[in-house]
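Trainee: This structure is in structure tokens; I'll ask about it shortly.
The values are calculated or read from the model by the stated rules, or taken from the named source; none is laboratory data. Keep in mind that this is a model prediction, so the values were computed, not measured. Ideal geometry is used to build each Cβ from the backbone, glycine not excepted, and the neighbour counts take in all protein chains shown. Only protein heavy atoms, including side chains, enter the accessible area calculation; ligands, DNA and RNA are left aside. Shrake-Rupley method; radii C 1.70, N 1.55, O 1.52, S 1.80 Å.
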Amino acid sequence: AGAAGVERHRALLEKDGAAATLAAALRFSELLADPANHGRCRLCMHDTGRYVRLDASALRALNVLPERASASASAAAPAERAAAAGFSLYGLLNKCRSPMGRRLLLRWLKQPLVDAAAIEQRHDAVEAFVNDPEVRDALRGAHLRALPDIERVTRKLERRRASLMDLCRLYQASAALPYIAESLGRLAGAHGDAIRAKYAAALTKLHDDEHLGRFEALLESAVDLNKIPDEYVICAQYDDELGALQARKDEAEAEIHAAFQEAAGDLKMAPEKELKLEHNNMHGWFLRLTKKDETKVRKKLSASYQVLEAKKDGTKFTNKKLRALSQKRVDLDRSYETQQKHLVDRVVDVAASFSDVFLQASAICAEIDVLASFAETATTAPIPYVRPTMCASGDSDEIVLEASRHPNVEAQDGAQFIPNTCALRKGESWFQIITGPNMGGKSTFIRQVGACVLMAQVGSFVPCASAKIAIRDAIFARVGAGDCQMRGISTFMAEMLETAAILKAATPKSLIIIDELGRGTSTYDGFGLAWAISEHIVNEVKAPCLFATHFHELTSLKGPGGVANFHVQAKIDQTSQKLAMLYTLAPGACDQSFGIHCAEFARFPEEVLEMARAKAAELEDFSAEGAAAGAGDVAGALGAGEKRGRDEGDATEDAVRGAARARQFLADFAALPLPDMPPADAMRRVQQMKRELEADAADSKWLQGVLA
């Protein structure tokens with residue numbers, strides 16, 4: 001925008017790294033390559049705290065976006081592709097009628113809000129649409145459905161690449177805006193006035209005589225609307241030169257028809273019945289007879305006419321007069337098309353001045369579309385969604401979802417979802433450890449909590465009986481992991497990298513979801529990592545966390561934020577010894593994983609199951625009778641199992657004691673007034689503390705490993 005534009009942004013450009021960042025952005029986006037962008041951009045500071053932080057792991061764990069279509073998926077049946085897209089929050093909430101709405105929904109799901117007032121505004125609009133199905137149906141069933149892709153067409157118009165068809169599509173969109181505003185004006189209820197002020201009034205202003213009213217007048221005078229949709233051309237009355245060319249074209253066409261009638265009389269053939277007048281790009285205007293009729297006048301044709309083409313469908317021919325008139329008409333058509341193109345360019349240049357107005361209208365229509373889609377989803381769900389109560393950060397330290405459900409799972413055909421309540425309260429249950437059998441619903445429960453929080457902060461209602469949510473600044477999820485062979489990263493390493501990112505970036509205002517941490521390595525290492533990570537989250541990060549695990553020793557964790565144990569319930573039939581999943585969450589810890597029962601569900605061979613039960617009994621039976629009852633190899637195996645069980649218990653106790661001693665050492669060290677102590681005294685005191693720690697480490701393998 002010249003020197004004045006640079007001076008206006010000087011304060012911003014003088015910030016550290018601002019100029020280099022701007023240069024990189026311009027180089028990457030190639031904004032300056034298109035002259036249409038000159039003078040249209042502005043600089044502003046990007047507020048990184050405006051939206052919830054969602055990394056790729058959280059988006060994947062909560063099934064926010066549809067899975068990317070692979071080569072095999074792209075070749076799948078449409079129903080299968082629809083099912084794959086449907087099992088995502090985007091697929092569930094995407095009941096949008098316009099392309100702009102679908103793109104906006106995608107952006108909203110990636111950028112949930114953290115501002116309580118902005119979230120409440122979206123919830124107000126959704127509630128208004130929920131309570132007024134007549135207005136919602138009118139918007140979605142007629143007005144929004146008829147809208148073209150205003151944003152994409154306007155971008156073409158900005159680059160001067162729009163055609164008359166594109167301008168007519170914008171004309172169609174402009175004509176629909178008053179109907180959208182009128183429908184919004186009929187909204188009743190407590191939030192009707194706010195919606196009319198924000199959306200209906202804005203659309204009405206954009207469509208007045210000073211804005212899109214002038215655009216419509218331009219199209220009505222310039223485009224021949226009577227010929228749409230067969231062809232899109234400039235009206236002949238719009239330009240004097242074009243009008244003169246049109247008159248000459250009409251005159252030439254009349255002369256061609258007169259020559260046609262003359263030829264029909266000469267050949268004694270009924271015009272339009274036997275003798276046809278036709279036109280194509282190769283021959284221009286010409287005459288055609290069927291093969292049967294051509295034999296009747298063959299001598300006449302050879303004497304006075306020139307045969308152009310003879311095929312099974314007939315003979316095409318012309319004469320000198322018709323050929324001259326045809327060439328005249330072709331020349332006029334070319335001149336007409338040249339003038340048309342010139343006028344279209346002029347009309348596009350004028351229409352481009354309305355680009356900003358159309359972009360504003362597109363943004364408003366997209367937002368209405370998404371909010372109406374949220375309302376449609378909330379009312380058509382198997383059990384209607386409810387409006388959550390949102391609490392600004394600091395006003396409340398609890399997330400309570402009464403009878404919450406997983407939105408995608410309950411939407412599946414034939415699903416009868418069992419709801420569960422989640423109550424994360426600081427000081428009581430801020431860190432929840434979820435145990436229970438495989439396939440019991442642990443992962444589904446913790447994911448549905450994350451999905452409900454995300455949906456609420458996007459602006460949607462949530463699948464609960466009631467919900468009170470303290471706004472989160474980030475959602476972190478460590479659920480499942482896959483290796484990355486191209487980068488040489490194993491599954492376990494991928495898990496560790498995701499967890500490290502959580503520990504570094506999470507704040508007390510975040511929400512953390514962790515599932516089955518510590519798999520892929522030895523039992524000792526896995527438990528040690530799970531315990532250390534859990535303790536760090538409880539004592540240092542202090543964020544609400546749902547931690548699903550099979551390390552049952554973890555249930556002894558304590559912390560100032562409040563650690564609570566829950567388990568998913570299952571029942572074993574005493575007669576058949578079959579496991580039945582109840583999918584309900586109950587307080588307390590579970591000391592079994594029921595892994596062999598899950599193997600039964602997978603239909604393992606019976607001999608494999610029997611061997612698994614025997615080996616599990618060997619490792620879990622620590623009684624003296626169990627050791628004495630065995631003989632030979634079985635007794636040896638029992639002894640080994642007993643030793644291993646004792647070793648695991650000792651290792652766990654040693655880790656707990658060692659960690660407590662290490663924390664005490666760090667606390668004592670932090671309490672030393674080192675700046676006020678003479679250097680020699682400080683060194684002696686530190687050496688003494690170190691010797692005491694090393695002496696205590698003599699009885700602790702865990703501490704020895706830490707010191708090593």
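Trainee: Does any residue of the stretch 216-235 turn out to be among the hydroxyl-bearing types (S, T, Y) and farther than 30 Å from D132 by Cα?
Mentor: Yes, the conditions are met somewhere in the stretch 216-235.
Trainee: Another question, then. Scan the stretch 660-685 and report the pairs whose first residue is in contact (Cβ under 8 Å) with a residue 24 or more places away in the chain and whose second residue is open to solvent by less than 60 Å² (accessible area, probe 1.4 Å) and assigned to a helix (DSSP H, G or I), with Cβ atoms within less than 6 Å and a gap of 6+ or a chain change.
Mentor: F665/L693
Trainee: Are there any pairs with C-beta distances below 8 angstrom linking a residue in the stretch 462-474 that is under 19 Å from P407 (Cβ atoms) to a residue that is acidic (D, E), with the two at least 6 apart or on different chains, and if so which?
Mentor: P463/E410; C464/E402; A465/E402; S466/E402; A467/E402; K468/E398
Trainee: Continuing with this model, one more query. Any idea which of (1) among the charged types (D, E, K, R); (2) open to solvent by 50 Å² or more (accessible area, probe 1.4 Å); (3) in contact with a helix residue (DSSP H, G or I) (Cβ under 6 Å, 6 or more places away or on another chain) is the one E498 doesn't satisfy?
Mentor: Only one criterion is unmet by E498, namely (2).
Trainee: Report yes if S556 is of a type in the set (S, T, N, Q), at pLDDT 85 or above, loosely packed, with under 15 Cβ neighbours inside 10 Å and over 30 Å from C391 (Cα atoms), otherwise no.
Mentor: yes
Trainee: Among (1) in contact with a strand residue (DSSP E or B) (Cβ under 8 Å, 6 or more places away or on another chain); (2) part of a loop (DSSP other than H, G, I, E, B), where does L167 come up short?
Mentor: Status for L167: all satisfied but (2).
Yes/no matrix, rows are residues, columns are (1) modelled with pLDDT of 90 or more; (2) under 28 Å from S183 (Cβ atoms):
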residue: K205; (1), (2): yes, yes
residue: S221; (1), (2): yes, no
residue: N226; (1), (2): no, no
residue: V233; (1), (2): no, no
residue: Y238; (1), (2): no, no
residue: E251; (1), (2): yes, no
residue: F260; (1), (2): yes, no
residue: L277; (1), (2): yes, no
residue: N281; (1), (2): no, no
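To keep it simple, each residue is scored yes or no on (1) open to solvent by 20 Å² or more (accessible area, probe 1.4 Å); (2) free of Cβ contacts under 8 Å to residues at least 40 places away in the same chain; (3) over 15 Å from L157 (Cα atoms).
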{"residue": "T318", "(1), (2), (3)": "no, yes, yes"}
{"residue": "Q327", "(1), (2), (3)": "yes, no, yes"}
{"residue": "V330", "(1), (2), (3)": "yes, no, yes"}
{"residue": "K341", "(1), (2), (3)": "yes, yes, yes"}
{"residue": "V347", "(1), (2), (3)": "no, no, no"}
{"residue": "A351", "(1), (2), (3)": "no, no, no"}
{"residue": "F358", "(1), (2), (3)": "no, no, no"}
{"residue": "I364", "(1), (2), (3)": "yes, no, yes"}
{"residue": "I368", "(1), (2), (3)": "no, no, yes"}
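Trainee: Being crowded, with 17+ Cβ neighbours inside 10 Å and in a loop (DSSP other than H, G, I, E, B) is the filter here, so list the residues in the stretch 559-577 that pass it.
Mentor: Hits for the stretch 559-577 are G561, G562.
Trainee: Quick one: in the stretch 253-278, which of the residues that are in contact with a helix residue (DSSP H, G or I) (Cβ under 8 Å, 6 or more places away or on another chain) and without any contact (Cβ under 8 Å) to a residue 12 or more places away in the chain is surrounded by the most Cβ atoms within 10 Å (Cβ to Cβ)?
Mentor: P271
Trainee: To continue, here is another question. Consider the stretch 576-622. How many of its residues are modelled with pLDDT of 75 or more and of a type in the set (S, T, Y)?
Mentor: Number of matching residues: 2.
Trainee: When only residues in the stretch 70-115 that are farther than 23 Å from F358 by Cα and of a type in the set (F, W, Y) count, which is modelled with the lowest pLDDT?
Mentor: F87
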